[in-house]
Amino acid sequence: MLFWPVALLAQDQAATRIVTGQEVQQAIIERLASVGEIAAPNVMPEKQFYACDAPLEVEQAFSGWRSVTVRCPSPVEWSIALRAQVQGALPHVPKVAEGKVAQAVFLRRPLRSGDRIQLDDLEIRPIDPLSVNNVYIVIEDVVGRVLSQSLTPRVPVSPRHLQRDWAINADDIVTLRIVNGGIEIESPGIALEPGQIGDNIRLRNLSSGSEVIGLISQERKVQVISKMAP
């Protein structure tokens with residue numbers, strides 16, 4: 001019995017770890033599975049986040065499960081926002097039974113490079129599951145996107161046809177979240193390059209004028225990671 005408190009102390013110490021991208025991936029996959037969704041979060045398994053000594057909590061970031069907030073409540077509370085990439089929210093190879101026909105998103109009329117796709121421009125049509133892959137199968141994932149090349153109604157819409165969907169564009173005004181000694185400060189900043197949720201980008205702090213590197217945690221919100229050398 002004399003060794004029991006020591007064993008508990010060792011367990012407590014072991015419980016505190018640096019959360020990795022692999023742990024974040026697994027937490028998102030398990031949470032979405034519990035609500036009947038399929039996730040494929042785009043985060044590098046070897047990426048390191050922050051210290052945590054509790055199970056990760058995963059909740060919706062907005063109104064659906066396309067983006068999620070991953071939170072650690074202890075020893076110092078922190079959270080990150082990531083795209084959960086629910087199946088159907090991003091392009092993927094249609095999974096169909098042998099002998100059946102898959103469906104994909106097509107244009108109803110020809111559009112040119114630079115055109116923004118509207119709901120009335122789209123329709124779902126059947127395709128041969130062996131003829132194409134990496135196509136959109138949900139109309140809502142294409143509405144509002146901009147074409148990077150001209151496209152006809154004969155070809156299903158795929159990622160290579162569309163401009164990248166940035167969470168933050170260059171020159172966007174954003175909120176910088178700075179944590180220093182347990183104190184959280186928010187400051188206005190301007191993005192110096194585009195990025196998606198989960199990306200690290202360069203920004204300028206409009207209050208201090210200094211350039212920083214930040215992690216995009218939400219649309220228009222960035223967690224400052226470090227200052228750039230002058």
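Would you tally the residues in the range 196-216 being aliphatic (A, V, I, L, M) and within 14 Å of Ser67 (Cβ to Cβ)?
To start, the set of residues in the range 196-216 that are aliphatic (A, V, I, L, M) comprises 197, 201, 203, 206, 212-213, 215-216.
Now restrict to residues that are within 14 Å of Ser67 (Cβ to Cβ): 197, 216.
Residues in the range 196-216 being aliphatic (A, V, I, L, M) and within 14 Å of Ser67 (Cβ to Cβ): 2 in total.
Pull up the range 136-155, narrow it to residues that are outside any loop (DSSP other than H, G, I, E, B) and of a type outside the set (A, V, I, L, M, F, W, C), then point me to the one that is nearest to the chain's Cα centre (by Cα). Full working, then the answer.
So the first thing to find is which residues in the range 136-155 are outside any loop (DSSP other than H, G, I, E, B), and the list is 139-141, 146-147, 151.
From what's left, of a type outside the set (A, V, I, L, M, F, W, C): 140-141.
Working: Glu140: 17, Asp141: 14 Å.
Here the residue is Asp141.
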field: Of all residues in the range 116-128 being assigned to a strand (DSSP E or B) and under 28 Å from Ser67 (Cα atoms), the one that is most open to solvent (accessible area, probe 1.4 Å)
entry: Arg116
field: Selection within the range 84-110 - at pLDDT 65 or above, open to solvent by 40 Å² or more (accessible area, probe 1.4 Å) and in contact with a strand residue (DSSP E or B) (Cβ under 8 Å, 6 or more places away or on another chain)
entry: Gln103, Arg108, Pro110
task: Considering each of Ser131, Ser113, Ser148 in turn, give the residue that is exposed (fewer than 13 other Cβ atoms within 10 Å of the Cβ) and modelled with pLDDT of 85 or more.
output: Ser113
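Conditions (1) part of a loop (DSSP other than H, G, I, E, B); (2) under 25 Å from Ser217 (Cα atoms); (3) at pLDDT 70 or above; (4) not aliphatic (A, V, I, L, M), marked per residue:
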| position | (1), (2), (3), (4) |
| --- | --- |
| Leu2 | yes, no, no, no |
| Ala10 | no, no, no, no |
| Gln22 | no, yes, yes, yes |
| Ala27 | no, yes, yes, no |
| Leu32 | no, yes, yes, no |
| Glu37 | yes, yes, yes, yes |
| Ala40 | yes, yes, yes, no |
message: Could you go through the range 44-65 and let me know if any residue there is under 20 Å from Gly214 (Cβ atoms), modelled with pLDDT under 75, among the polar types (S, T, N, Q) and in a loop (DSSP other than H, G, I, E, B).
response: no
statement: Pairs returned, first residue in the range 21-38 that is among the small types (Gly, Ala, Ser), second residue that is part of a helix (DSSP H, G or I) and open to solvent by less than 60 Å² (accessible area, probe 1.4 Å), beta-carbon separation under 6 angstrom, 6 or more apart or interchain, are none
In the range 191-230, the residues that are open to solvent by 40 Å² or more (accessible area, probe 1.4 Å), under 13 Å from Asp171 (Cβ atoms) and not in a loop (DSSP other than H, G, I, E, B): Arg202, Arg204
message: Go through the range 156-203 and report how many residues are at pLDDT below 85, under 16 Å from the mean Cα position of the chain (by Cα) and over 30 Å from Arg112 (Cβ atoms).
response: 1
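Given the structure, is Val179 under 19 Å from Val76 (Cβ atoms) and assigned to a strand (DSSP E or B)?
Values: under 19 Å from Val76 (Cβ atoms): yes; assigned to a strand (DSSP E or B): yes.
For Val179, the condition - under 19 Å from Val76 (Cβ atoms) and assigned to a strand (DSSP E or B) - is met.
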task: Write out, first by first residue and then by second, each pair whose Cβ atoms fall under 7 Å of each other, whose residues are 6+ apart or on separate chains, and whose first residue, in the range 164-191, is touching a residue at least 40 places away in the same chain (Cβ under 8 Å) and closer than 14 Å to Lys227 by Cα while the second is charged (D, E, K, R) and buried (at least 16 other Cβ atoms within 10 Å of the Cβ).
output: Arg177/Lys221
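The values are calculated or read from the model by the stated rules, or taken from the named source; none is laboratory data. Quantities reported herein were computed from a predicted structural model and do not represent experimental measurements. Using ideal geometry, Cβ is built from the backbone for each residue, glycine included, and neighbour counts are taken over all protein chains shown. Protein only, heavy atoms only, side chains kept; ligands, DNA and RNA dropped before computing areas. Shrake-Rupley method; radii C 1.70, N 1.55, O 1.52, S 1.80 Å.
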